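Below: the structure, in structure tokens.
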Amino acid sequence: MKTLAILVFAFTLVSHHARAEKRKLVWSDEFDYEGLPNSDKWDYEEGFQRNNEMQYYMKARKENSRVEKGCLVIEGRREHMPNPRAGKGLYDWQRDRKFIEYTSASVITKKKFEFTYGRVEVRAKLPRGGGMWPAIWTLGVRFGDIGDPAWPRCGEIDIMEYFGKYPHTIYANNHFANPKIRNKAVHNSCGGGKIKIQSPYKDFHVYAIEWGEKNISFFVDDNQYASFRIDIAGKGPDNPFRKPHFLLLNLALGGSAGGRIDNAVLPQKYVIDYVRVYEPKTGPKTDPGDKK
């Protein structure tokens, strides 16, 4: 019976991959080049961004984001330098920091590639240690364009979230504004899940979602561990999960969820082998970008 179970499991993995391969690949980066991330596909967040995180996101700096040996490397480092935005920031915790103590990178596809529905696959090896907080996620394209608070009204899909303080657990979630409370961006999160993965910093794994018109399903190595019913965020066209999103790959350090940083493990590398977006099962509803 054990042998049969293994065969059934193997067949499930193969058949699932086959379904993805038969669909049109609408956007990808295989990282088959050297240097900075391809500027036709990626942009950057810059500065101190959110969650009282300790890292300053650097733009187009090879020490923090580079392509080498067929992979994108996002590197978190302990460094000391003046904060160029001191006194000019959005929130007190950002502008009151006179010095940068940690650097990292957040690469994004905003205005380069934006999509609604489809399958997203990212093969990655995660960093390790306390305070490490890498993620693969999306934000609605309205983020940054509709005033404060754009989030959570724009919607957020956490394809993969990992906390070094919980070294064998992968998380998924969805964030949105409560659709029952009008004119206020009251935060809701739903459809979250977690799965145990032994030491995801030692090996590569494939983190994926299937984003359809009714549900968003979450996978690690083709094992589904969470699902979110889109109507929970609203049944009308204003539902943020029926609108275009863009991708983000980032390595945060510390902050409100990352916790205490173990300086002894730094620098740490978040290594991404590829990023692929396929058309949804129901047909092409993905905008390949063309917004360069």
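The values are calculated or read from the model by the stated rules, or taken from the named source; none is laboratory data. Keep in mind it's a predicted model, so treat the numbers as computed, not measured. Note: ideal-geometry Cβ built from the backbone for every residue, glycine included; neighbour counts use all protein chains shown.
Filter the range 110-164 for residues that are touching a Gly at 6+ places or on another chain (Cβ under 9 Å) and of a type in the set (Lys, Arg) and give the result. Listed by number, the residues that qualify are 110, 111, 112, 128, 142, 153.
The set of residues in the range 41-72 being of a type in the set (A, V, I, L, M, F, W, C) and surrounded by 18 or more Cβ atoms within 10 Å (Cβ to Cβ) consists of 42, 48, 54, 58, 67, 71, 72. The strands (runs of 3 or more DSSP E) located wholly in the range 139-235 that include 1 or more residues which are free of Cβ contacts under 8 Å to residues at least 12 places away in the same chain and surrounded by 14 or more Cβ atoms within 10 Å (Cβ to Cβ) occupy 215-220, 223-229.
Taken over the range 99-126, the criterion of being closer than 16 Å to residue 209 by Cα, surrounded by fewer than 20 Cβ atoms within 10 Å (Cβ to Cβ) and not charged (D, E, K, R) is satisfied by 116 alone.
Rundown of residues vs (1) in contact (Cβ under 8 Å) with a residue 12 or more places away in the chain; (2) under 25 Å from residue 27 (Cβ atoms), yes/no style:
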| site | (1), (2) |
| --- | --- |
| 51 | yes, no |
| 64 | yes, yes |
| 76 | yes, no |
| 92 | no, no |
| 126 | yes, yes |
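Out of the range 261-284, which residues are assigned to a loop (DSSP other than H, G, I, E, B) and among the polar types (S, T, N, Q)?
Residue satisfying the conditions is 282 alone.
So is residue 246 surrounded by 18 or more Cβ atoms within 10 Å (Cβ to Cβ) and farther than 18 Å from residue 135 by Cα or not? Judged against the criteria, residue 246 is not a match. Every condition in (1) in contact with an Asp or Glu (Cβ under 6 Å, 6 or more places away or on another chain); (2) surrounded by fewer than 22 Cβ atoms within 10 Å (Cβ to Cβ); (3) over 18 Å from residue 220 (Cβ atoms); (4) among the small types (Gly, Ala, Ser) is met by residue 135 except one, and the failing one is (3).
Selection of the range 241-260 for residues being closer than 20 Å to residue 188 by Cβ and either outside any strand (DSSP E or B) or free of Cβ contacts under 8 Å to residues at least 40 places away in the same chain (or both) yields 241, 242, 243, 256, 257. So which residues in the range 244-256 are at negative phi and modelled with pLDDT of 95 or more? Listed by number, the residues that qualify are 244, 245, 246, 247, 248, 249, 250, 251, 252, 253.
I'd like to know if the range 216-227 contains one or more residues that are among the charged types (D, E, K, R) and out of contact with any strand residue (DSSP E or B) (no Cβ under 9 Å at 6 or more places or on another chain). Taking every residue of the range 216-227 in turn, none turns out to be among the charged types (D, E, K, R) and out of contact with any strand residue (DSSP E or B) (no Cβ under 9 Å at 6 or more places or on another chain).
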